[in-house]
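The block underneath contains the structure these notes are about, expressed in structure tokens.
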Amino acid sequence: MDATERIQAASNFLLQSPPGEINDVLNDVRNIISDDDLLQEGVLPALREYNLAQFMTVDVPGTEHQSIVSEAARISSSESGSEERFLDPRSKTSFVFDHLSLEASDPQTVEPSSESEPFRLALETSTLTYLSAHFHDGVASVFSTQETPNRFVIQVVANKYNPTNYWAGRWRSEYFVDLNENKVSGKILVNIHYYEQGNVQLATTHEISLALPPAVVTSSPSSSASKIIALIGDEEGKYQISLNDTYQEMGEKTFKGLRRALPMTRQKIDWDKVLGYKLGAELSSSKGVFGNS
Amino acid sequence: MADLVDSMLDLMRRLPPTRTEENVAALIGICPDYADDLLGSVDQPLQLRTDRATGREYLACDYNRDGESYRSPWSNEYDPPLDDGTVPTPKLRKLEITANEAFDTYREMYYEGGVSSVYLWDLDDGGFAGVVLLKKIMTPMSPYEPSGSWDSIHVFETAERGRQAHYKLTSTIMLQLVTRRGSERDGAEGDRKHDKKDSEGWKREGEVSLSGSMTRQTEQDWPLQDSSSHITNTGKMIEEMEIKMRNLLQEVYFGKTRDIVYDLRSVDDLEKARRQRELQKELVGFIKR
């Protein structure tokens, strides 16, 4: 493999990292590639891609809260060559993000669009209430989109890392609220890694879309936003409960169908008999051969 | 560079089990010199092959491979054919034939389908080693029916000590379960416990995938009457191990991963619970006063 292919392979490994294990994967990859100079330059795009896709959380300088680093948080800049910046709409701060150390720096105040800010703020308030009601360690960000007015992005992420007990988990949800088309669409992604003497992973995807009832859209921003979040929260709760049904179905249909707990006889196998039957069958078949001759 | 192999194994323990084959191939591409170490220590899903002589299916893995060819346990032939392919000594081959028959019965009784294969090989110190392989795949008949696969790899080594034999068994089970869900299915099954009025407007499409592998080891001594005792002894050990591991898999797949989801998100309102606790504290303080 040449250098480009090695970086390609290393990047591919990094993008598959389970929740909270990117540093462990990076350590393994460093040892395997054993060329730090090549790696340092080469894997930055993969780290950036991973952070954006996984809704990496960051402490926002000068605030007491965290915000989400994602494609929606990226500030598209017209100047080429300028450093990439991300937005925390809650504190109206933009910052530069280091994809390796996961730290934010160079905070700057950003003036929100006066047109979309009232509804964005209403959505944010409802989202944060919902977040603290249903997530143990959740972070949420609500963005208005620069290109399309009346279109908002809600992102939620909750992480739990427990390396001492060999497990980690991540819940991500993302919703596009479109008031031009009166529609909400989004997805819930759950990833769980359990790795005590093994490697077991749960990966779920759940895509949803909903046409908003007229009553929801025509209310005041705060009432409309809280109704939208109530609909989303309801759907997420239902999804979480429906996972139980899926588990039950997998346990009863698939798992049992693959291998029984015990044979039909409800007893373990009598191995002497198994061998005896086989030998007996062999003997009688050879008797048959002798009898016919 | 033993730690290089350690790093590779650590990496394989973290990356998604559904992509094991692709990732092993990439690692071999990066470090071709370590191909044998890696193929010998990372368990990969078993490949189904058909014996050309008997038409019967068998399982291929690193243990019945010689170069690019795989040996069938039914005909003892390599495919593609090899003139000088490694085969067990006639005595061990006889035991291998009986072991294949015995574990085929075991497979039918526990798996009610699937494929099994047993391979034995002589060890330099006079003993022998072997691998018992079992695989079953469930293919869905319709898009929303669950699918899955089970791969068992039991590697053992035995040393005879007079009328006793010592066994070392390493067992790996790879299990994959996938279920797809969608609005279509919800509609088809009528009121699937959903509040119809609420969920009417939602369109849903999703997939739940549980996949992985677990490995366990054991060492045991068993009495030895004749060479066929090796089959009853390893049979009992493997049966016991699969029962134990099946329970473990059930616990981790359906218990642990579910609990972690609930550690991330709570169905019940946490704020309500917090307020309740506050109220309780207040009451306790009030009574104490």
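Here are a few things to note about the model shown:
- Quotient of C-alpha Rg and 2.2 N^0.38 Å, computed over the protein assembly as shown: 1.18
- For segment A:1-119, the alpha-carbon radius of gyration amounts to 1.22 times the rule-of-thumb value 2.2 N^0.38 Å expected for a compact globular protein.
- Residue-by-residue Karplus 3J(HN,Hα) for segment B:232-244, coefficients 6.51, -1.76, 1.60, Hz, glycine and proline x: 5, 5, 5, x, 5, 5, 5, 4, 4, 5, 5, 5, 5
- Mean Cα-pair separation over length for segment B:89-261, i.e. relative contact order, pairs under 8 Å, 6 or more apart, %: 17
- Computed lengthening from residue B:157 to residue B:283, 0.36 nm per intervening residue step minus Cα-Cα distance: 38.8 nm
- Segment A:79-189: mean projected area of Cα convex hull, nm²: 9.1
- Eigen-decomposition of the gyration tensor built on the alpha-carbon atoms of chain A gives equivalent ellipsoid semi-axes of 51, 29, 16 angstrom, largest listed first.
- All aspartates and glutamates inside 16 Å of residue B:288 as judged from Cα atoms, apart from same-chain residues fewer than 8 positions distant: B:278
- Charge tally in the Cβ shell below 9 Å around residue B:111, where Lys, Arg are +1 and Asp, Glu are -1, residue B:111 excluded: +3
- Projected-area mean, segment B:89-261, by convex hull of Cα positions, square nanometres: 12.8
- Where labels lie 7 Å past Cα in the beta-carbon direction, separation of residue A:230 and residue A:115 in nm: 3.0
- Whole-percent pair-distance distribution, where bins are 5 Å wide, for the alpha carbons of segment B:27-86: 4, 18, 24, 21, 16, 11, 5, 1
- Rg over Rh [alpha-carbon atoms, Kirkwood Rh] for segment B:1-50: 0.98
- Neighbour-count order for A:28, A:98, A:36, fewest beta carbons within 10 angstrom listed first: A:36, A:98, A:28
- Electrostatic dipole magnitude of chain B [Cβ: Lys, Arg +1; Asp, Glu -1; Cα centre; debye, to 20]: 1740
- Label-to-label distance, nm, for residues given as residue B:19 and residue B:243 (7 Å Cα→Cβ offset): 3.9
- Residue among B:254, B:126, B:99 farthest towards the positive dipole end of segment B:89-261, charges placed on Cβ: B:254
- If you run the Gaussian network model on chain B, springs between alpha carbon atoms under 10 Å, then out of B:74, B:222, B:202 the most flexible one is B:202.
- Geometric descriptor of segment A:188-283, per residue, is 178 Å³ (volume of the convex hull of the Cα atoms).
- Residue exposure proxy: A:47, A:258, ordered by other Cβ atoms within 10 angstrom of their Cβ from fewest to most, comes out as A:47, A:258.
- Rg/Rg_globular for chain B, with Rg_globular taken as 2.2 N^0.38 Å and Rg from C-alpha atoms: 1.33
- Cα-Cα over 19 Å, subset of A:253/B:135; A:268/B:244; A:256/B:136; B:168/B:236; B:94/B:168; A:183/B:203: B:94/B:168
- The relative contact order of chain B, computed from alpha carbon pairs under 8 Å that lie at least 6 residues apart in sequence, is 11 percent.
- Degrees separating the helix B:2-14 axis from the principal Cα axis of chain B, which is the longest one: 50
- 10 Å Cβ shell holding at most 16 others, DSSP loop, GluC sites (Glu not before Pro): longest site-free stretch of chain B: B:201-289
- Estimated FRET transfer efficiency when R0 is 30 angstrom, pair residue B:57-residue A:207 (beta carbons, to 0.05): 0.20
- Exposure proxy ranking, count of Cβ atoms within 10 Å, fewest first, for A:264, B:174, B:12: A:264, B:12, B:174
- Principal axis analysis of the Cα atoms in segment A:1-53 yields extents of 29, 18, 16 Å, listed in decreasing size.
- Along principal axes, Cα extents of segment A:117-253, largest first, whole Å: 54, 33, 27
- Spin-label model, residue A:215 to residue B:219: label points 7 Å out along the Cα-to-beta-carbon direction sit 7.2 nm apart.
- With a Förster radius of 35 Å applied to the C-beta separation of residue A:77 and residue A:2, the computed FRET efficiency comes to 0.55.
- Nearest-0.05 FRET efficiency for residue B:36 and residue A:185, computed from C-beta distance (R0 60 Å): 0.75
- Cleavage-rule hits (GluC sites (Glu not before Pro)) in segment A:112-203: DSSP loop, at most 13 neighbouring Cβ within 10 angstrom: A:115, A:147, A:181, A:196
- Prolate/oblate/rounded label for segment B:1-157 (Cα gyration tensor, a/c 1.5): oblate
- Checking every one of the chymotrypsin sites (Phe, Trp or Tyr not before Pro) in segment B:88-192 against DSSP loop status and a limit of 15 other Cβ atoms within 10 Å picks out B:144.
Every number here is computed from the coordinates shown, using simple stated rules; none is lab data. Computed from a predicted model, the values in this text were never measured in an experiment. Please note: Cβ atoms are built from the backbone with ideal geometry, for glycine as well, and neighbour counts cover all protein chains shown.
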